[in-house]
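I have placed the structure first, in the form of structure tokens, so that the comments after it can refer back to it.
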Amino acid sequence: MASVALGIDLGTSAVKAVLTRDGVIIGVGSSSLTISSPRPDCSEQDPVDWIKAVESAIAAARAQSAIRGSEIAGISLSGQMHGAVVLDAANRVIRPAILWNDNRSTAECALLSKRMPDIAKIAGVPPLPGFTSPKLLWMKTHEPEVFNRIRTILLPKDFIALWLTGNRSTDFSDAAGTLWLDQENRRWSEQLMRAAELDPDWLPPLSHGMDQIGEVTSIASKALDIPSGTPVFAGAGDAAAGALSIGAASVGRCFISLGTSGQLLIVDDTYRPNPEQFVHAYCHTLPNLWYRMAAMLNGARPLAWFAGVMKCSVSELLCEAEKADLRRVPIFLPYLSGERSPHGDPDIRSAFYGMDGATGRPEMCRAVVEAIAFMMRDAMDSFGNSFAPTGVIPVIGGGSRSNLVLQTLATTLNHSVGRATEGAEGPAYGATLLAEAGLGLRSLTDLSCDVTLTEVFEPRKDDELEARLFKFRALYKALSALN
């Protein structure tokens, strides 16, 4: 009897597929993606490439697990949020998808704020270029021939679902990042769509993450060697799916994610907007739950960027950073793509400050590590007194592999953090749990659980680090005034 769940996560740099049996991972596969930047501040991908990567990632996961396609009982999805996939009347892609880290629609954000000064109270966060709504306004102004052909708008993971099932769909947590969702009442907002000059018929139906949205079609069955009729469940945006992967499915659970982007998230049972600090107040993918999240565009990405500049691996840079002369560590701003939380500043950019003739690569890398922690401290402080995490904060994502990153994070936050094993496969694993819930193999209460921490890092007293945090904040203020 089929008993295996398949989770597909459409990330920015890769598609990941995870296979589980009773919540235990039995196979993992991935396939890389590339980003196109046709103009400054633009970030795009061709959705057709996503399908090819899905096929490759699933094949790799199945090869590792040695399972047959007939053993897969259900499929669910996760994916990068905020992207705009626009389709014509025949569900054909009209133009490349505009991604979450695209900054071309700054003027359209200002227009939305002018039309609806209280937009953040409904949508959970003020307009920012990364979100879907201003992207569509940009298309209407700059690509009217594209805009006039639109008959469907989907988020990235939901394009994969369309290919799998033939059905339009999305879940509440992914829809939360569009600026079209009434977060408190969990429905598409006529007011928000009117402000964006959007036809409501272009948007798909809303579901919870464990709701079935269709079945694998004969076309997808042939491509994947998975039986047609296999149930497909709605899934979640990557933030909510990542939360599920480490048990953040009940009130008070929180975690930190350090991937390409960064998140600090806590689960609530009520809608609690805090737009002044650019804290996202969003629907969770589960019924009657919301979450607040500080969303940073840069996460651990600055480490990969600096390693690329230095033409070495991230692990080499981190080894050198351990040996840095702490008296000569400069200040680094990590804002390679602008920043969302807590600044809402798409124009700020990265910079090193405070280098002298004795500053070397180890000191520069140490500054990059510290900047990641400083960025997360800014995020934590933006929650105010209402953010009171209990116990050790789990950390997931590629940045969590480094002891130096986690120790610097614990000291900077003045709170214990731990490396979470369950988060190793992140949103893709969270998607498998939603498939298992949809199949009736686990209850929703089972999704909330403590995670295994392989190592815990306690804060240390470090006055010099605190002094560099002060300089980091002062440098941001000084440089943001130049934009």
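The values are calculated or read from the model by the stated rules, or taken from the named source; none is laboratory data. In this text the structure is predicted, and so the values were computed from the model without any measurement. For neighbour counting, all protein chains shown are included, and Cβ atoms are generated from backbone atoms with ideal geometry for every residue, glycine included. All accessible areas refer to the heavy atoms of the entire protein, side chains included, with ligands and DNA or RNA removed. Shrake-Rupley method; radii C 1.70, N 1.55, O 1.52, S 1.80 Å.
Couple of notes before you dig in:
- Residue that is farthest from E190 (Cα to Cα), among those in segment 133-154 that are over 23 Å from the mean Cα position of the chain (by Cα) and basic (K, R): R149
- Filter result for G430 (open to solvent by less than 10 Å² (accessible area, probe 1.4 Å) and touching a helix residue (DSSP H, G or I) at 6+ places or on another chain (Cβ under 7 Å)): yes
- T132 being in contact with a Ser or Thr (Cβ under 9 Å, 6 or more places away or on another chain), modelled with pLDDT of 95 or more, of a type in the set (V, I, T) and more than 21 Å from A53 (Cα to Cα): yes
- Scanning segment 1-31 for residues that are surrounded by 20 or more Cβ atoms within 10 Å (Cβ to Cβ) and among the charged types (D, E, K, R), we see that the one that is farthest from M81 (Cα to Cα) is K16.
- Wholly enclosed strands (runs of 3 or more DSSP E) of segment 379-481 bearing at least 3 residues of a type in the set (A, V, I, L, M) and within 23 Å of the chain's Cα centre (by Cα): 393-396
- Unmet requirement for W180, which otherwise passes all of (1) crowded, with 19+ Cβ neighbours inside 10 Å; (2) in contact (Cβ under 8 Å) with a residue 60 or more places away in the chain: (2)
- Of the residues making up segment 361-371, one or more are modelled with pLDDT of 95 or more, open to solvent by less than 40 Å² (accessible area, probe 1.4 Å) and within 13 Å of L258 (Cα to Cα).
- Near pairs, Cβ below 7 angstrom, 6+ apart or cross-chain, from segment 111-132 (in contact (Cβ under 8 Å) with a residue 12 or more places away in the chain) to any residue that is among the basic types (K, R) and not in a helix (DSSP H, G or I): L128/R340; P129/R104; G130/R340
- Looking only at segment 282-302, and only at residues there that are over 13 Å from L265 (Cβ atoms) and of a type in the set (S, T, N, Q), the one that is least open to solvent (accessible area, probe 1.4 Å): N298
- Matching residues in segment 267-279 - criterion: being touching a Gly at 6+ places or on another chain (Cβ under 7 Å) and modelled with pLDDT of 90 or more: V267, P273
- D88 falls short on exactly one of the conditions (1) open to solvent by 20 Å² or more (accessible area, probe 1.4 Å); (2) of a type in the set (D, E, K, R); (3) modelled with pLDDT of 95 or more; (4) more than 24 Å from the chain's Cα centre (by Cα), and that condition is (1).
- Hits in segment 184-229 (condition: open to solvent by 50 Å² or more (accessible area, probe 1.4 Å), within 30 Å of N148 (Cβ to Cβ) and touching a Gly at 6+ places or on another chain (Cβ under 9 Å)): I219
- Across segment 139-148, a minimum of one residue is classified as open to solvent by less than 60 Å² (accessible area, probe 1.4 Å), touching a Lys or Arg at 6+ places or on another chain (Cβ under 6 Å) and of a type in the set (A, V, I, L, M, F, W, C).
- Residues of segment 256-267 classified as open to solvent by less than 10 Å² (accessible area, probe 1.4 Å) and either part of a loop (DSSP other than H, G, I, E, B) or farther than 20 Å from L409 by Cα (or both), total: 1
- Segment 1-50 holds strands (runs of 3 or more DSSP E) entirely within its bounds, and those carrying 3 or more residues that are touching a Gly at 6+ places or on another chain (Cβ under 7 Å) map to 4-10, 14-21.
- Of the residues making up segment 293-322, those that are among the basic types (K, R) and either touching a Phe, Trp or Tyr at 6+ places or on another chain (Cβ under 7 Å) or in a helix (DSSP H, G or I) (or both) number 1.
- A373, sole failed condition from (1) under 27 Å from S250 (Cα atoms); (2) touching a Leu at 6+ places or on another chain (Cβ under 9 Å); (3) in a helix (DSSP H, G or I); (4) touching a residue at least 60 places away in the same chain (Cβ under 8 Å): (4)
- Contact map, segment 191-220: residues that are without any contact (Cβ under 8 Å) to a residue 40 or more places away in the chain paired with residues that are part of a loop (DSSP other than H, G, I, E, B), Cβ distance under 6 Å, separation 6+ or inter-chain. Pairs shown: M193/W180; S218/S228.
- Residues of segment 130-185 that are touching a helix residue (DSSP H, G or I) at 6+ places or on another chain (Cβ under 9 Å) and among the charged types (D, E, K, R): K135, K140, R151, K157, D158, R168, D171, D174, D182, E184.
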